[in-house]
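Below: one structure, written as structure tokens.
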Amino acid sequence: MDCHECKRKCSQESHQKRQGLLKIFTKRQQPMSNEAKQLPQIVLVGMPNVGKSVLFNALTGTYVTVSNYPGTTVEVATGRTMIEDIPVAVVDTPGMYSLLPITEEEKVARDLLLQEKVSLVIHVADAKNLWRMLPLTFQLYETELPLLLAINMIDEAQRLGMSINLEALEKELNIPVVLMTATKLQGIDRLKAKVANYVKTVSLSHAN
Amino acid sequence: MLKPLVYPTPIEEGIEKIEEILTHSNLESNFSLSKRSLALLLLQGDFSIAQELDKNCQSQIETVIALTEEKLGESIALAPCHSKTK
């Protein structure tokens with residue numbers, strides 16, 4: 001049997017593997033469903049390698065849709081989860097350093113915040129480099145979108161002898177802050193409890 | 001309620017001027033960000049937002065950017081380094 005591009009002769013087994021992979025890729029390219037767009041949207045943003053996708057998986061499990069953001073080749077993952085019995089859509093965005101985009105990935109993340117109806121922005125930050133993360137927190141803060149700061153990798157920061165005064169930080173920033181280690185699912189319940197406050201408000205406004 | 005960040009006076013004046021320019025456009029209705037946030041991005045020269053405005057508004061904003069940088073004596077991009085909460 002000839003492959004569609006390389007024209008090499010492949011065995012039946014290899015053909016079956018390709019068909020299997022094709023099904024996966026076809027599934028990955030489905031656009032965000034209209035149903036997901038109707039749900040309160042929680043958007044995970046933050047710099048690259050801070051654990052956004054780990055948190056996304058912890059919140060949504062494996063049932064996700066990955067689609068290209070319209071007009072780009074940048075992938076945005078959307079999943080569903082339940083927060084206190086309320087269904088919500090969780091969106092995992094490409095890493096961004098600033099609201100002023102330089103790369104296409106940053107532009108997609110920024111445009112998503114600019115143009116989509118966002119119920120809550122969760123800024124995921126690396127506890128070890130918090131001072132480098134906070135300028136983006138301030139930029140997000142300026143947008144006046146509902147904002148929550150999730151400080152991830154707290155276990156690694158503690159191993160380095162660092163500690164974060166949660167109460168002082170919450171008071172100074174005047175936004176909810178959660179300390180967590182997403183890879184160990186530590187702090188996820190606290191995060192969900194804080195997210196629930198926003199989701200309930202949005203859910204009530206939808207109902208009215 | 002979030003406490004607004006306060007930038008150095010030339011930046012705050014620039015934001016105020018751009019917010020005034022934006023009141024004559026429908027830019028705010030196209031985006032979910034606050035007017036202040038849009039003004040701050042425009043002040044930093046965000047082209048993708050600026051292109052949503054007409055030529056006259058773009059030109060006025062360019063003038064505000066030039067004036068602000070002249071008063072600051074440094075790039076507006078450094079503004080967040082000098083901000084603080086009220």
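Listed values, structure above:
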read-out	value
Stokes-Einstein translational diffusion, region A:79-208 - Kirkwood Rh over all Cα pairs, 0.890 mPa s, 25 °C, in µm²/s	156
Neighbour-count order for A:S98, B:S59, B:S37, B:S29, fewest beta carbons within 10 angstrom listed first	B:S29, B:S59, A:S98, B:S37
Region A:115-208: trypsin sites (Lys or Arg not before Pro) in DSSP coil with no more than 10 other Cβ atoms inside 10 Å	A:K117
Residue-averaged beta-carbon neighbours from other chains (10 angstrom radius) around B:28-40	4
Potential extension, B:S59-B:N30 segment - 0.36 nm per residue separation minus Cα distance	8.4 nm
Computed Kirkwood radius, in angstrom, where 1/r is averaged over Cα pairs of region A:117-158	10.8
At R0 = 22 Å, FRET efficiency that the Cβ-Cβ distance of A:N49 and B:F47 yields, to 0.05	0.20
Neighbouring partner chain Cβ atoms per residue of A:140-147, average, 10 Å criterion	6
Percent of beta bridges antiparallel (DSSP, region A:99-208, rounded to nearest 5)	10
Interatomic Cα distance distribution for region B:1-46, bins of 10 angstrom, percent	27, 57, 17
Shielding score for A:180-191, defined as the mean number of other chain Cβ atoms within 10 Å	0
Label point at A:T201 placed 7 Å out along Cα→Cβ; residues across region A:176-192 whose backbone nitrogen lies under 16 Å	A:176-178, A:192
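Quick note: the coordinates plus some simple rules give every number you see, no bench work behind them. Computed from a prediction, not measured in an experiment: that's the story for all the values here. All Cβ positions, glycine included, derive from the backbone under ideal geometry; neighbour counts span all protein chains shown.
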